Amino acid sequence: MAKEKKKESEEFKLTDLPGIGATTASKLESGGYGDLMSIAVMTPKDLSAMADISETIARKAIAAARKMLRLDFEDATQYLKKRQEVLKITTGSQNLNNLLGGGIETRAITETFGAFGSGKSQIAHQIAINVQLPLEQGGANAKAVWIDTEGTFRPERIKQMAEAQGLDPEKTLKNIFVARAFNSDHQILLVDRVKDLIKRGEPIKLFIIDSMTAHFRAEFTGRGMLADRQQRINRHLHSLMRIAEANNVAIYMTNQVMANPAVMFGDPTTAIGGHIVGHASTYRIYLRRGRKGSRVAKMVDSPNLPEAECIFYLTEQGIRDEIK
Ligand SMILES: Nc1ncnc2c1ncn2[C@@H]1O[C@H](COP(=O)(O)OP(=O)(O)OP(=O)(O)O)[C@@H](O)[C@H]1O
Ligand SMILES: [Mg+2]
């Protein structure tokens, strides 16, 4: 059933919707609404404004999109089944796992944001290893894929952490696919390559983007470009969410922000929460330096978890509850 649904939604294009021609479709695409799912969850009023069509046509298009995606009711057993398929990848710190409700979840996007050195990339290294562990050890018995936008992936660090866990470092490295993204276009393009890897049958359960926002930030500067940047980020996030949903994959992305909380809340990536739809959950975690070399993680904006904080450490062995 899930497979069938995925296949169908991928086969349909915006222009398959009644009243949506090529011009309207490209208008929507450049607005970040390039897939049926994003249309299906819009209000007729919004779609009408966005695509410059009447509300009646918009209503029909939305209804058709919902039908094509079979976005009707599913009985609760189906829903439960989907939830049961969700895997939780251990971060190496029980405190951090608890904060996350068990670990980094598949079929969801987990975003860490914080200042430089707060631990965003270290967590990425740790979970790229841990996803490979068997299920009973907090893994997904699977591989990771990593889009590196700033050249901060460190294979040596993977080796060091893997050895500390008694794993074969070479084998561990082999199970991580890494690509360097040189600009935001390239970053977006690489998402398609990830889809190809999955289609080829690679058992990928973790998709890391470190950093999600750096290129966008560097390329789209100035007030006038903010809307443009936001649209492109939204579109990018949508395609990530689709991968997470369709393949039961965990997305982990990082986002550097200044230590100033005013900047943090003004950050356009807050739209993540606003745009992600369906039964997918999103976790945003704010990281900062704590006392005595610790790091503090704070859960912000979770659909089902309380706003809580925890402490963990970046140790030579990896992410841990304490320094040995
Ligand atoms: N081998 C190691 N042993 C112990 N601690 C380490 C090791 N490597 C890195 N760290 C810790 O990790 C910190 C860097 O964290 P990380 O690279 O995750 O930051 P970040 O949040 O990704 O920052 P940025 O925004 O600059 O990318 C270092 O300051 C150090 O405290
Ligand atoms: Mg980093």
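Bear in mind these aren't lab numbers, they're just calculated from the coordinates by the rules spelled out. In this text, all values refer to a predicted model and were calculated from it rather than measured experimentally. For neighbour counting, all protein chains shown are included, and Cβ atoms are generated from backbone atoms with ideal geometry for every residue, glycine included.
Things worth noting here:
- Table column - 3J(HN,Hα) (Hz), region 108-119, Karplus curve with 6.51, -1.76, 1.60, x for Gly and Pro: 8, 10, 10, 10, 9, 9, x, 6, 4, x, 7, x
- Axis angle, to the nearest 10 degrees, between helix 184-199 and the longest C-alpha principal axis of the chain: 90 degrees.
- Charged side chains reduced to their Cβ positions (Lys and Arg at +1, Asp and Glu at -1) give the chain a dipole of some 200 debye around its Cα centre.
- Residues 131, 300 arranged by fewest to most Cβ contacts within 10 Å: 300, 131
- Unit charges on C-beta of K, R, D, E only; dipole of region 2-68, Debye: 220
- Over the chain, relative contact order from alpha-carbon pairs under 8 Å, at least 6 apart, %: 21
- Every Cα-Cα pair of region 57-181 was included, and the share exceeding 17 Å stands at 65 percent.
- Percent of C-alpha pairs per 10 Å bin, the chain, short to long: 6, 26, 34, 24, 9, 2, 0
- Each label point was placed 7 Å from the Cα along the Cα-to-Cβ direction; for residue 59 and residue 322 their separation is 6.4 nm.
- Cβ-to-Cβ counts within 10 Å put 89, 323, 208, 176 in ascending order as 323, 176, 208, 89, the fewest first.
- Lys/Arg +1, Asp/Glu -1 at C-beta; the chain dipole; positive extreme among 87, 15, 122: 122
- Fully extending the segment from residue 239 to residue 180, taken as 0.36 nm per residue of separation minus the present Cα-Cα distance, adds 19.4 nm.
- Local electrostatic count at residue 170 - Lys and Arg +1, Asp and Glu -1, tallied over other residues with Cβ under 15 Å: +2
- Ignoring aspartates and glutamates fewer than eight residues from residue 81 along the same chain, the ones with Cα atoms less than 14 angstrom from its Cα are 245.
- Taking Cα centre as origin and charging only the Cβ of basic (Lys, Arg, +1) and acidic (Asp, Glu, -1) residues, the dipole magnitude of region 49-141 rounds to 180 debye.
- Under 5 Å between amide hydrogens, built in the peptide plane, is the criterion, and for residue 315 it picks out 320 among residues at least 5 positions away or on other chains.
- Ordering 226, 306, 162 by the projection of their Cα atoms onto the charge dipole of region 81-320, which places +1 on the Cβ of Lys and Arg and -1 on the Cβ of Asp and Glu, puts 306 at the extreme positive end.
- Set of lysines near residue 298 by C-alpha distance (under 23 Å), chain-local residues within fewer than 8 positions excluded: 88, 120
- Of the residues 38, 93, 302, the one with the fewest other Cβ atoms within 10 Å heads the list, and the complete ranking is 302, 38, 93.
- In this structure the amide hydrogen of residue 178, modeled in the peptide plane, comes within under 5 Å of the amide hydrogens of 146, none closer than 5 places in sequence on its chain.
- Computed 3J(HN,Hα) for region 243-249, one whole-Hz value per residue from the Karplus formula 6.51 cos²θ - 1.76 cosθ + 1.60 where θ = phi - 60°, is 5, 4, 5, 6, 10, 6, 10, glycine and proline marked x.
- Derived scalar couplings ³J(HN,Hα) [region 76-91; Karplus, 6.51 cos²θ - 1.76 cosθ + 1.60; whole Hz; x for Gly, Pro]: 5, 5, 4, 4, 5, 4, 4, 5, 6, 6, 5, 9, 10, 8, 5, 8
- Over all orientations, region 2-68 has a Cα convex hull whose mean projected area works out to 3.9 square nanometres.
- Modelled spin-label separation between residue 189 and residue 135, with each label point placed 7 Å from Cα along the Cα-to-Cβ direction: 3.9 nm.
- Once the chain from residue 202 to residue 163 is taken as fully extended at 0.36 nm per residue, the excess over their C-alpha distance is 11.6 nm.
- Look at the alpha carbon pairs under 8 Å that are at least 6 residues apart: their mean separation over the length of region 2-68 gives a relative contact order of 35 percent.
- Excluding exposed DSSP-loop chymotrypsin sites (Phe, Trp or Tyr not before Pro) (at most 13 other C-beta within 10 Å), longest clean stretch of the chain: 183-324
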